[in-house]
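One structure is given here, and the rest of the page talks about it.
The values are calculated or read from the model by the stated rules, or taken from the named source; none is laboratory data. All values reported here derive from a predicted model rather than from experimental measurement. Glycine gets a Cβ as well: all are built from the backbone with ideal geometry, and neighbour counts include every protein chain shown. Surface accessibility is based on the protein's heavy atoms, side chains included, excluding ligands, DNA and RNA. Shrake-Rupley method; radii C 1.70, N 1.55, O 1.52, S 1.80 Å.
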Amino acid sequence: MRFCLYLVLSFLIACFSHALELHQRQSSYINISPQTQAMQDDPTLNPATFWIMDGESLWAQKPSSQSPACSECHGQVITSMKGVAATFPKSVKGRLLNLDGQINHCRTTKQQQTVWPLESKALLSMSVLIANQSKGMPIVANKQPETQMALKTGEALFKQRMGQVNLSCAKCHDDRYGMRLAGSVIPQAHPTGYPIYRLEWQTVGSLQRRLRNCMNAVRAQLFEPDAPEWLHLELYLMWRARGMLIESPGVRP
Amino acid sequence: MKRPLRTIVTVPAKATRGQLITVRALAQHPMENGFRHNEIGQRIERDILTDFICLYNGIEVFRAKLHTGIAANPVIEFNTLAIESGELSFEWRDSDGLSTIASARIEVA
């Protein structure tokens, strides 16, 4: 009798445990319809291919007559950017940067240009071009000592209840993945496909845009666009998805 | 929308005579319906594709009218019969009367 009670209790504890086991992780690719999967898999059907083409033009093009094009320093994008997106966000010269941040850093320091605004077509095109070079490669867990604090903050943010709805990311994506929210399956929230083409947006969008989406849904006040919280969350999400394969550009409904 | 548009057309390179082939055409276009407003409340100008035409060696084999209810970056897929070797040409016309043309070759044995 006592043993049965123990079994039931341990089962209940297992049900409500927060950590997602490594082997249980799966991309939300398995939750989408076969039609949407086909869209993602076939470059001639994936609308984000146009953004990759735009990115290729920007890669080869001098931003001004005095500034070098990306290709003049980095050469071919296919070779020089292979696997690069799988390592971001990371600390670069003491600053935590995501891929968009690194692109803009290059633009201001190496090309003497103004930064591309977040969610601008140019920034998304460049970042989807670079991310696409890592397609099929595993996400590298960030082991830099200087990012460990940020990683901890990111984890705390992930588990922090927020908004009028009073939910944390973990309440849905760790505890209730696979269940339904308003008819859609709750995914585990691994950022493997970003920048992503969302049919709902009818365009390519960044991970930050997706995070804003969720924060709006729980009626939380958004962080400022340049707040470090976005980077900390992104760092934690990438660490949480370490070893999973990059699918960028993903397609989701 | 910057013109000409970026397009991707998918046509089988080879086919046998009389074979049913699947043709697919994708164009980069926002299909802005003219009913939406930007973040400062101004109406966003309507900008949509209105017509899509496919010619097979100069003969029209497919035509579609597009309206504001069509999503951005529309993909159009249809079947046609492989009759002879030659060229399929695709034309997208937009609400400003401008057009973008793409083409693909097919060898029919």
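Of all residues in the range A:178-208, those satisfying the criterion of being within 14 Å of chain B (Cβ to nearest Cβ) and not aliphatic (A, V, I, L, M) are A:Tyr197, A:Arg198, A:Glu200, A:Trp201, A:Gln202, A:Thr203, A:Gly205. Inside the range B:1-35, residues that are away from every other protein chain (no Cβ under 11 Å) and among the charged types (D, E, K, R) make up a count of 3. Within the range A:179-197, the set of residues being farther than 17 Å from A:Leu237 by Cα and either open to solvent by less than 10 Å² (accessible area, probe 1.4 Å) or at pLDDT 95 or above (or both) comprises A:Tyr197 only. Do we find a residue being of a type in the set (Ser, Thr, Tyr) and within 14 Å of chain B (Cβ to nearest Cβ) anywhere in the range A:11-19? Among the residues of the range A:11-19, not one is of a type in the set (Ser, Thr, Tyr) and within 14 Å of chain B (Cβ to nearest Cβ), which makes the answer no. Considering only the range A:85-106, I want to know if a residue exists there that is open to solvent by less than 30 Å² (accessible area, probe 1.4 Å) and either without any contact (Cβ under 8 Å) to a residue 24 or more places away in the chain or at positive phi (or both). There is at least one residue in the range A:85-106 that is open to solvent by less than 30 Å² (accessible area, probe 1.4 Å) and either without any contact (Cβ under 8 Å) to a residue 24 or more places away in the chain or at positive phi (or both).
Yes/no per residue for (1) surrounded by fewer than 18 Cβ atoms within 10 Å (Cβ to Cβ); (2) over 24 Å from A:Phe50 (Cβ atoms):
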| site | (1), (2) |
| --- | --- |
| B:Thr10 | yes, no |
| B:Arg17 | yes, yes |
| B:Glu32 | yes, no |
| B:Asp47 | yes, no |
| B:Phe52 | no, no |
| B:Leu66 | no, no |
| B:Ile76 | no, no |
| B:Trp92 | no, no |
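Residues that are part of a helix (DSSP H, G or I) and open to solvent by 80 Å² or more (accessible area, probe 1.4 Å) within the range A:61-75 comprise A:Glu72, A:Cys73, listed in sequence order. With respect to the stated conditions, A:Leu167 fails to be in contact with a helix residue (DSSP H, G or I) (Cβ under 7 Å, 6 or more places away or on another chain), without any contact (Cβ under 8 Å) to a residue 60 or more places away in the chain and surrounded by 14 or more Cβ atoms within 10 Å (Cβ to Cβ).
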